Each structure stands twice: as structure tokens, then as C-alpha cells.
Amino acid sequence: MSALYRRLVAAYGPELPNLVAFLVLVVVIFSLLSPRFLTGANLGSMAFQLPELGLLTLAMLMPIISGGLNLAIIFTANMAGLTLAFVLNQYGGVDAGIGAFILGTVLALGVGALSGAVMGAVIAYVGAHPILVSLAMMIFLRGLGEFLTRGGDISGFPPWMAVIGHGTAFGIPVPLILFLVCVVLWHILLNHTRHGFSVRMIGSNIRAAEYGGLHTKRTLVLIYTLSGVMCAIAGILMLSRFNSVRVGHGEALLLVTVLACFLGGVDPFGGFGRVVPVVVALVVLQVLSSGLNLLGASQHLATAVWGLFLIAVMVLRWTAARLSERRESERREKGS
Amino acid sequence: MLSFLRSYPTESKLLVVLLLLCAGLAIASPDFLTLVNFTSLLNNNSVNVIWAVGLLVVLIAGGIDISFAVAASVVQYLCVFAFAAIGGGNWAIGFLFAGMFGLGLGLINAFLIHQFRIISIVVTIATFNAFFGLLMFFSGGRFLYNLPSWWSVRVILWEHQTADGTWAELILPVAVMAGAMLATWALIQRSTTGRQLFAFGDNPEGARRAGIPIWLMQSIAFGWCGMMAGIGGLMQSHITREVVPNALVGRELEVLAAVVLGGARLGGGRGSVLGCFLGVALVAVTQNGLNLLGVSPFAFNMVIGIIILLAISSSNLRPASWFERRKGDRT
């Protein structure tokens with residue numbers, strides 16, 4: 001048991017056991033409070049709601065681990081969705097074929113990658129602060145989207161596209177499958193590749209990483225490009241879930257993604273952070289929101305609870321760190 | 001002049017860009033360089049400047065505050081109920097209450113940051129969600145129109161009828177903006193506390209070892225930002241004559257962009273009141289110019305985004321160095 005615990009901690013980070021304990025606690029509380037919580041219908045609706053926030057959080061995660069931030073994720077996702085919508089409408093809207101969808105998806109991913117690459121290039125080669133660069137990109141993309149759509153909705157997509165947003169395969173919701181594939185991809189990318197290593201080294205100490213022979217500038221461009229691609233995937237999912245695209249869809253999720261990353265134990269200064277604890281943190285947030293919803297509270301109360309929950313977790317982490325420090329110093333006194 | 005360029009490189013560059021922009025707009029549009037346009041620009045952007053100078057103090061002290069715009073909304077609601085409870089109130093009580101409520105919300109941030117050693121962006125994102133969620137929950141998203149008359153009736157400080165019959169006027173928020181700028185300038189440039197804030201923002205550990213009380217620095221920075229947020233909220237309701245719970249969400253990032261554009265550094269230790277004003281002014285004048293030139297309002301954000309991106313990309317240029325090199329050539 002303790003060997004398994006140690007192996008889990010080694011593989012997925014020290015935050016994981018606490019977060020899983022939190023998750024179990026929250027699930028137990030809600031299933032006691034509401035008989036409808038542990039039903040297939042509720043779990044199913046959670047599985048459909050989670051991936052959207054999840055994909056956006058993955059897009060936020062990589063820049064944060066590198067010590068930055070990508071505030072443009074929502075509007076990058078919107079722009080990618082718009083690109084796909086334009087292509088579909090160009091090829092007949094409701095009657096568009098699979099070819100148009102593939103073309104649109106490729107272009108949407110390209111748009112996401114391009115906006116990310118521009119940000120990455122400015123951050124890497126000008127040395128400007130990522131918050132500022134992505135903020136400017138966010139304002140620009142929002143403006144571009146508003147300009148192209150005149151603030152309206154774009155809809156009229158082929159009905160078979162609903163499969164991506166609402167369908168199930170082997171009893172598992174398609175959005176969840178998409179999300180899990182991306183999670184595995186991101187986990188491998190961050191923990192088992194040279195790129196992931198470079199990301200963490202840049203987050204820890206970018207100058208040391210540079211002197212250590214890592215190509216930091218190229219890595220930074222790649223980080224934001226990949227983040228943009230992940231935004232585009234989220235944008236395509238949002239398109240098929242709402243069956244429409246509007247610039248500003250999901251705007252409220254921007255800071256929630258940052259919150260989820262911090263909750264998942266990602267170091268706000270960069271350098272440390274793993275995918276799996278962040279996914280568990282996302283599930284906790286989703287459970288809190290769905291559970292409160294079942295009890296009749298509004299989404300706004302859930303938002304407040306998310307904020308208070310983050311503060312509580314940070315305070316608990318601080319207390320735990322203090323306690324272990326004290327225990328350590330006591331042990332040292334006894335030893336001497 | 002040269003010493004100004006050297007000590008305020010971003011501000012002087014911004015000033016040049018702003019003057020060029022104004023000159024261009026004055027030629028392109030006859031409506032730009034008029035008293036009416038100028039005063040309405042001041043009226044419409046005074047609240048942003050009030051928030052900007054509050055945020056500036058936090059940035060100088062090495063922090064960041066995402067929650068202040070939502071805090072301003074919370075203060076507006078608290079004020080409506082507080083004024084109703086005391087049966088009316090007046091401007092003096094209004095400023096006192098708004099300032100105190102804002103200060104209180106700011107001190108919550110400062111307490112969490114200092115006591116539990118949590119980095120400010122985490123705390124303020126958490127309080128952003130907590131404030132906003134609780135505000136929407138308790139207000140039910142309802143708008144409030146029943147403001148006391150002293151609050152909602154427009155206070156005109158100065159007015160002047162131009163030759164073509166339109167009125168140019170300055171309203172109370174402009175005076176409050178000037179007061180906020182002056183007070184912030186006095187705090188950061190003319191007081192010992194201000195020097196300590198810069199030192200703390202530049203190197204927290206060094207400041208701590210030099211004997212600067214860290215908790216006091218955090219409290220002053222976030223308390224000041226909260227107070228300005230509250231006063232800005234009071235002014236914003238004065239202009240719009242209503243209190244809308246979700247009207248100010250999202251403004252925090254616009255103000256942040258303007259402040260950083262004005263030379264404040266994310267990471268602390270640098271920034272000026274003049275820069276804040278110029279940062280807000282550049283965005284405002286650009287928007288105003290696009291409007292006067294008949295550009296579609298849907299394109300405004302696009303252009304502003306490009307301008308900020310260009311401003312960042314040129315941030316490695318240092319005007320003072322050009323003059324120095326030229327001087328070196330001669331001798």
C-alpha cells in the first residue's frame with residue numbers, strides 16, 4: 001500500500017493524494033446531501049461539461065509551467081471556432097460534407113497555432129512579459145472576432161457534427177474521450193519528452209536553461225504554439241456543443257483555468273506542475289459546481305465556492321508546510 | 001530634458017507617440033481638437049485613471065491585483081445599502097464609505113498574501129471569483145436604480161458654451177481623478193513609504209533584511225488599490241446613475257494593460273503616475289480617433305490590440321541612448 005502510494009507520488013506529484021482525498025470527501029458529502037448526485041444522469045452531464053474547461057485548462061497549463069501565462073486562450077478558441085464555422089458555411093452550411101469539416105479543422109488548428117506562435121515569438125525574442133503579450137493578443141483577437149462577426153452568432157452546421165459535442169461512443173461521451181486523449185498527449189509531452197523537460201527548466205530558471213544549452217527561444221515559441229493548438233481543439237468542441245460560435249463564448253472560464261492549474265499544485269512561478277493533479281482538480285471543481293447545482297444553488301455561488309476553495313487549499317498547504325518544517329527542526333534538535 | 005528621458009524612458013516615448021497621434025488626428029478630423037471632445041475624453045476616462053493609479057501602487061510593490069474591478073462592483077452594492085441604512089448620506093460620507101469598503105476588500109487580499117505567503121496572482125484570482133460569485137448570488141444579478149439623489153445627479157464643476165452652441169463640461173470624476181493622481185504621486189514619489197514600496201517591489205528579500213516591515217508594505221499597496229477601486233466604483237455609478245453587478249468585470253485587464261503600457265513593470269520596482277495617465281490616454285485617444293474617423297466600432301479592439309503589441313515589441317528601444325550616442329560622436 002505504502003509502496004503504491006510512493007510510486008503514485010513519484011509519478012504524478014505530491015499534490016495528488018490530497019486532491020484525491022478532497023475529491024472523495026466532496027463526492028461523499030454531495031451524495032449524502034442529494035440522492036440524485038450519484039446517478040447516471042448526473043455523472044453523464046458532468047462528463048459532458050468537464051471537457052470544455054478541461055481542454056482550456058490544458059492550454060493554460062503549459063505556459064504556466066514555463067513561468068508565463070496565456071490570457072488569450074478563450075479568444076484563440078473563439079477564433080478557431082470561427083474559422084471552422086466560416087469554412088463550413090462556405091461549403092453549404094447545413095449540407096457541408098466531411099471534407100469541409102476536415103479542411104475547416106485543419107485551418108482552425110492553424111489559426112490557433114499561428115496566434116500562439118506570434119505570442120511566443122514576441123515573448124521569446126522581445127523579452128516582453130507573457131501576461132502583457134497575451135493580454136494584447138487577447139484584446140486583438142477579441143477585436144478581430146467582433147469585427148468579423150459584428151458581435152453576432154454564427155450557426156447552421158451539419159447535424160452530424162453534434163456527435164462531437166453530444167454523442168457517445170461505447171457508452172462514453174465523445175467530448176470526454178477527446179479530453180482524455182489530449183490529457184494523455186499532454187502528460188507524455190510534459191513528462192517524457194525533451195520539450196517537456198525544457199518547459200520545466202525554463203519555468204525554473206530561464207537564464208540557467210539558456211546557459212545549460214537549451215534552445216529557450218525556440219521552446220517558448222513552441223510552448224505558446226501548442227497552447228494555441230489546444231485552444232483550437234477546445235474551440236471546435238465548443239462549436240459543436242453550442243451548435244453556434246460567438247466571440248466571447250466561455251469568457252468567464254479564463255480565470256477559472258488559472259484557478260484549476262493552481263489548485264492542481266502548479267507552481268505559480270513556473271517550473272513545477274503535472275497534468276494528472278490538474279485533471280483531478282478539474283474534476284473537483286466540476287463536482288462542486290454540479291453538486292451545488294443539484295442542491296438548488298446557482299452557478300454564481302459555485303464560482304464563489306471555487307474561489308474560496310482555492311484560498312482554503314492554499315492555506316492548508318501553507319499549514320502543512322509549516323508543520324513539516326517544525327517537525328524537521330525538532331528532529332534536528334533531538335539529533336544534535 | 002535628457003535626465004527625464006533617462007529616468008522615464010517609457011513615459012517619454014509614450015508622450016511622443018501620444019503627441020504624434022494627437023497631431024495626426026487633429027489634421028485628419030476637425031472634431032478632434034475641440035474643447036467638447038477633449039472634456040468628454042477626460043470625463044469618460046477618469047474612472048480608468050483612478051483605478052490605474054491604484055493598481056500602479058500594487059505593481060510597484062511587486063504584486064498584481066485581478067480583483068479590483070469586481071471589488072469596485074461590490075463596493076457599489078455595499079454603498080447603496082449602507083446609504084439606505086443611514087438614510088441618505090452626502091458626498092463626504094459617500095467617499096468615506098466607498099473608500100473604507102474598498103480598503104477593507106484590499107486588506108483581505110493583503111492579509112491572505114502576507115499571512116499565508118501566497119503569491120498575489122493566486123490570491124486575487126481566488127478573491128475575484130469569490131467576490132464576483134457572492135455578489136451575483138446575493139444581488140441576484142439585479143440592477144439598482146434607486147441611488148440617493150446626491151449620488152446620481154450629475155455634478156458639473158465647470159462648463160462653457162462653445163461657438164456652435166454645444167456645451168463643454170467637466171464633471172466631478174475628473175476632479176477626483178486629479179486628486180487620486182496627486183495623492184498617489186505624493187505617496188510613491190514624495191514619502192518614505194513610497195521609497196520603501198519601490199525597494200520592496202524591486203527586491204523583497206533585500207527590503208526585508210533592510211528592516212522594512214513587509215506586512216505594512218502589502219497592506220498599503222493592496223489597501224491603496226482597494227480604496228481607489230472603491231472610489232472609482234463610486235464615480236462610475238455617478239456617471240452611469242445605476243449599479244449593475246457585472247458591468248465592471250473584464251475592466252481589470254484593460255486597466256492592467258494601460259498601466260503596464262505606461263511603464264509599470266510586472267514584477268515590481270518601476271512605474272509612475274504620469275505613465276499611468278499616458279497609458280490610459282493612449283488607449284482612449286486611439287479609440288476616440290477611430291470613432292471620429294468613422295471606423296466601425298467593431299474594429300476598435302483589434303486596433304488597440306495591435307497598438308499594445310507594437311508598443312511591447314518596441315519596448316527595447318531607449319530614446320535616451322540615441323542622444324547619448326550623438327553626444328559621444330561630437331566629443
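Bear in mind that the values in this text are calculations on the coordinates, not laboratory data. All figures in this text were calculated on a predicted structure; none of them were measured in a lab. We place every Cβ from the backbone using ideal geometry, glycine too, and count neighbours over all the protein chains shown.
Between residue A:298 and residue B:4, take the C-beta separation as r, use R0 = 51 Å, and let me know the FRET efficiency to the nearest 0.05.
0.45
I'd like the distance between the alpha-carbon centres of the range A:35-75 and the range A:123-166, rounded to an integer number of Å.
That distance is 17 Å.
Given a 10 angstrom Cα cut-off, can you work out which residue in B:46, B:219, B:139 is the most mobile in a GNM of chain B?
Of B:46, B:219, B:139, the most mobile in the Gaussian network model is B:139.
On a C-alpha basis, how far is the centre of the range B:1-71 from the centre of the range A:205-227 in Å? Whole number, if you could?
Centre-to-centre (Cα) distance: 34 Å.
Using each residue's phi in the range A:288-302, evaluate 6.51 cos²θ - 1.76 cosθ + 1.60 at θ = phi - 60° and report the 3J(HN,Hα) Karplus result to the nearest Hz, with x for Gly and Pro.
4, 5, 5, x, 5, 4, 5, 7, x, 7, 7, 4, 5, 5, 4
If the elastic network links every pair of Cα atoms under 10 Å, which of A:199, A:313, A:24 fluctuates the most in the Gaussian network model of chain A?
A:24
Extension gain residue B:20-residue B:241, at 0.36 nm per residue separation less the Cα-Cα distance, in nm?
Gain on extension, residue B:20 to residue B:241, equals 76.0 nm.
Give the Rg (one decimal place) followed by the Dmax (whole number) of chain A, computed from C-alpha coordinates and expressed in Å.
Here Rg and the maximum Cα pair distance are 21.1, 80 Å.
Where is the GNM fluctuation largest for chain B (alpha-carbon springs, 10 angstrom cutoff): B:109, B:146, B:288?
Evaluated over chain B, the most mobile residue of the options is B:146.
Residue by residue through the range A:62-79, what is 3J(HN,Hα) from phi via Karplus (6.51 cos²θ - 1.76 cosθ + 1.60, θ = phi - 60°)? Round to whole Hz and write x for glycine and proline.
4, x, 5, 5, 7, x, x, 6, 10, 7, 8, 4, 5, 6, 5, 4, 4, 5
Can you pull the mean other chain C-beta count within 10 Å for peptide A:297-306?
6
Could you tell me how many degrees, from 0 to 90 and to the nearest 10, lie between the Cα long axis of helix A:174-191 and the main elongation axis, the longest principal axis, of the Cα atoms of chain A?
Rounded to the nearest ten degrees, it is 50.
Report the charge-dipole magnitude of the range A:2-335 in Debye, nearest 20, computed about the Cα centre from +1 at each Lys and Arg Cβ and -1 at each Asp and Glu Cβ.
Rounded to the nearest 20 debye, it is 840 debye.
In Å, the Kirkwood hydrodynamic radius of chain B over pairs of distinct alpha carbons?
This gives a value of 20.9 Å.
Roughly how many nanometres apart are two label points built 7 Å out from the Cα toward the Cβ at residue B:100 and residue B:190?
Result: 2.7 nm between the two label points.
So for the pair residue A:24, residue A:189, with labels modelled 7 Å out along Cα→Cβ, what separation do we get in nm?
3.3
When the C-alpha atoms of the protein assembly as shown are aligned to their principal axes, what extent does each axis show, in angstrom, from largest down?
80, 78, 72
When the Karplus curve 6.51 cos²θ - 1.76 cosθ + 1.60 is applied with θ = phi - 60°, which whole-Hz ³J(HN,Hα) does each residue of the range A:217-227 get, with x for Gly and Pro?
Rounded to whole hertz, the list is 5, 5, 5, 4, 4, 5, 4, 6, 5, 4, 4.
Any number yet on Rg/Rh for the range B:1-64, C-alpha, Kirkwood?
We get a ratio of 1.08 for the range B:1-64.
Counting other Cβ atoms within 10 Å, keep those with at most 15, restrict to DSSP loop, and tell me which chymotrypsin sites (Phe, Trp or Tyr not before Pro) in the range B:141-219 are left.
Sites meeting the loop and neighbour criteria: B:143, B:145.
Tell me what chain B gives for mean residue ellipticity at 222 nm when only DSSP H runs of n ≥ 4 count, each as -39,500 (n - 2.57), the sum divided by the residue total, rounded to 500 deg cm²/dmol.
So the calculated ellipticity at 222 nm is -24000 deg cm²/dmol.
Quick one: which residues, 5 or more positions from residue A:168 or on another chain, have an amide H under 5 Å from its amide H? H modelled 1.01 Å from N in the peptide plane, none for Pro or chain starts.
Result for residue A:168 returns A:174.
Can you sort B:283, A:133, A:94 so the residue with the fewest Cβ neighbours within 10 Å comes first? List each step's numbers first, then the result.
Numbers: B:283 22, A:133 28, A:94 12.
Least crowded to most crowded, the residues run A:94, B:283, A:133.
Gain in length, residue A:251 to residue A:94, computed as 0.36 nm per residue apart minus the alpha-carbon separation, to one decimal in nm?
Here the segment from residue A:251 to residue A:94 would lengthen by 53.8 nm.
How much length is gained on full extension from residue B:313 to residue B:175, taking 0.36 nm per residue of separation minus their Cα-Cα distance? Mind dumping the intermediate values first?
Details: separation 138, 0.36 × 138 = 49.68 nm, distance 3.46 nm.
Working it through step by step, the gained length comes to 46.2 nm.
Could you give the nm distance between label points at residue B:115 and residue B:142, where each point is 7 Å from its Cα heading toward the beta carbon?
It is 3.3 nm.
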